[in-house]
Amino acid sequence: MKIKKPDYKKSLRKCIAEPKKKIRLKNFDTEWVTHEALKNSKSEATKDDLKEILIKDQKKLSETQELLAASHKYSILIILQGMDTAGKDGTIRHVMSGVNPQGCDVHSFKVPTSEDHSHDFLWRYEKSLPERGRIGIFNRSYYEDVLVVRVHPDRLEELPAEIGPDTNGFWEARYNDINTFEEHLVRNGTVVLKFFLHISKDEQKRRLLDRLSDEEKYWKFSISDIEERRYWDEYISAYEDVLTATSTNHAPWFIVPSDHKWMARTFVAEVITSAIEKLGLSYPVFSEEEIRRFTEAKKLLENE
């Protein structure tokens, strides 16, 4: 049976971290799919159907991106977070492969440099924000500064003792900084789309073993992946705090079930496309004088 494109509008609420509500990730199914056949993604027939769905999503996203660029009114900031192996790189590669690379920038933020630590924690991210008409993707983001450093406090930048992490309300203040920052972006025409790619611990184990079972995938593996896995529960707790504190009406979190990669990718593509469509954008309207000049230019070219 051929799989039809999932209707995400009916199931979107399942994946939104409701603002002002305590988030428990155990209540969000990592394996949830809109169609049971999607779980059998290893079969060739299902793979072909899923690829066809994704191609359609890519085409639609390409069309909406062109409209975004032409109107030059809004920018789109896409934030991807998730545990190691959650599929951030694959989501970017597959979902965004159809867009015009001249209108899309991807930023992967590594360990902060000494220069980064000499500024406030948002500084290095502000420099990479997308311009109007463009899509910017943060593969990891400023949320690392309330996730990784929450689990590993020794990685926090050096701060005066009176305002450091040992003071009351330090992390809550950082959440507020992020919320205020994102509200500022939204007020200035940036649509903030935040995706937490939610995988199970068993699925992460399977993906790590897959990398270690194929020499051509060794390059994807890092010993730190195993070391960080020991902190799984701590990361889950940190993510729950982040999702609870920073899912807002102006920039909600989407908790994307990601044990099935194709489900996650088509879901992300649909959300991005829908967000751009909701902006009600249109192509520029030209004056009669401008149209006259375009007509003259066309004639000059045709008569060369």
Just for segment 142-155: of the residues that are surrounded by 12 or more Cβ atoms within 10 Å (Cβ to Cβ) and over 18 Å from Thr246 (Cβ atoms), which one is modelled with the lowest pLDDT?
Arg155
Single condition Asn139 does not satisfy, out of (1) crowded, with 19+ Cβ neighbours inside 10 Å; (2) touching an Asp or Glu at 6+ places or on another chain (Cβ under 8 Å); (3) polar (S, T, N, Q)
(1)
When segment 83-110 is checked residue by residue, the ones that are closer than 15 Å to Asp225 by Cα and among the small types (Gly, Ala, Ser) are Ala86, Gly87
Identify all residues within segment 142-162 that are farther than 22 Å from Leu129 by Cβ and touching a helix residue (DSSP H, G or I) at 6+ places or on another chain (Cβ under 8 Å); write none if there are none.
Arg150, Val151, Arg155, Leu156, Glu158
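Collect the residues in segment 194-244 that are among the polar types (S, T, N, Q) and either under 18 Å from Ala264 (Cβ atoms) or modelled with pLDDT under 95 (or both), keeping them in residue-number order.
Of everything in segment 194-244, those that are among the polar types (S, T, N, Q) and either under 18 Å from Ala264 (Cβ atoms) or modelled with pLDDT under 95 (or both) turn out to be Ser200, Gln204, Ser213, Ser222, Ser224.
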Residue in segment 168-175 that is of a type outside the set (Asp, Glu), at pLDDT 95 or above and either touching a Pro at 6+ places or on another chain (Cβ under 6 Å) or closer than 30 Å to Ile276 by Cα (or both) present:
yes
Would you check if Ser141 is among the polar types (S, T, N, Q) and in contact (Cβ under 8 Å) with a residue 60 or more places away in the chain?
yes
Output yes when any residue across segment 58-66 is touching a Phe, Trp or Tyr at 6+ places or on another chain (Cβ under 9 Å), surrounded by 18 or more Cβ atoms within 10 Å (Cβ to Cβ) and modelled with pLDDT of 65 or more, and no when none is.
no
Do we find that Val268 is touching a residue at least 24 places away in the same chain (Cβ under 8 Å), within 20 Å of Gly136 (Cα to Cα) and not in a helix (DSSP H, G or I) in this structure?
no
Looking at segment 275-289 only, could you name the residues that are within 15 Å of Lys194 (Cα to Cα) and surrounded by fewer than 15 Cβ atoms within 10 Å (Cβ to Cβ)?
none
Scan segment 206-228 residue by residue and report those that are over 22 Å from the mean Cα position of the chain (by Cα) and among the charged types (D, E, K, R).
Arg206, Asp210, Arg211, Asp214, Glu215, Glu216, Lys217, Glu227
Test result for Ala245, in a helix (DSSP H, G or I), out of contact with any strand residue (DSSP E or B) (no Cβ under 6 Å at 6 or more places or on another chain), under 28 Å from Ser200 (Cα atoms) and small (Gly, Ala, Ser)
yes
Pair list, Cβ < 8 Å and 6+ apart or interchain, from segment 183-200 residues that are closer than 22 Å to Gly280 by Cβ and in contact (Cβ under 8 Å) with a residue 24 or more places away in the chain to residues that are part of a helix (DSSP H, G or I) and not hydroxyl-bearing (Ser, Thr, Tyr):
Val191/Ala275; Val191/Ile276; Val192/Glu182; Val192/Leu185; Val192/Val186; Leu193/Val271; Leu193/Ile272; Leu193/Ala275
Please verify whether Ser274 is small (Gly, Ala, Ser), modelled with pLDDT of 90 or more, closer than 19 Å to Lys26 by Cα and outside any loop (DSSP other than H, G, I, E, B), treating the condition exactly as stated.
no
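The values are calculated or read from the model by the stated rules, or taken from the named source; none is laboratory data. Here the structure is a predicted model, which is why all the values come from computation and not from measurement. We place every Cβ from the backbone using ideal geometry, glycine too, and count neighbours over all the protein chains shown.
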